[in-house]
């Protein structure tokens, strides 16, 4: 995972925690329940197993990544043939790209897309989504982000 994209996602998540005290408190309670309070040295050792036990905090990060994608667009492609999409003809040899914000803020795929709502990811899977690419923060197929599992 690139440090810029990870830092951006965490910064957006912290921003929304500051704006939503009730979400912040639920996340705080989950963190305390799983990780406990810091010791005298102010450190809290975190294990990989514990990271699997914080579904609400994970949903906050996923929602932050949906709301403000760290990567604004997927890599461009040049169409090899003329295409017709929704009645619009796209001539051959045009540069095509997918703007992530159009998926992540579309009412076609998300209920209340302009609201920050981590509950849309809480206790759900990507299989529950209306379209498999509606939340495609890490891309897909051959161009899937190699840092997906690390992040």
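Take residue 98 and residue 35, extend 7 Å from each Cα along the Cα→Cβ direction, and tell me the distance between the two endpoints in nm.
3.3 nm
Calculate, axis by axis, the spread of Cα positions in region 1-55 along the three principal axes, and write the results as whole Å, longest axis first.
29, 29, 23
Any read-out appearing in this document is the output of simple, stated calculations on the displayed coordinates, not a laboratory observation. The structure displayed is predicted, hence computed values, not measured ones. Because the Cβ atoms are built from the backbone with ideal geometry, glycine has one as well, and the counts that use them run over all protein chains shown.
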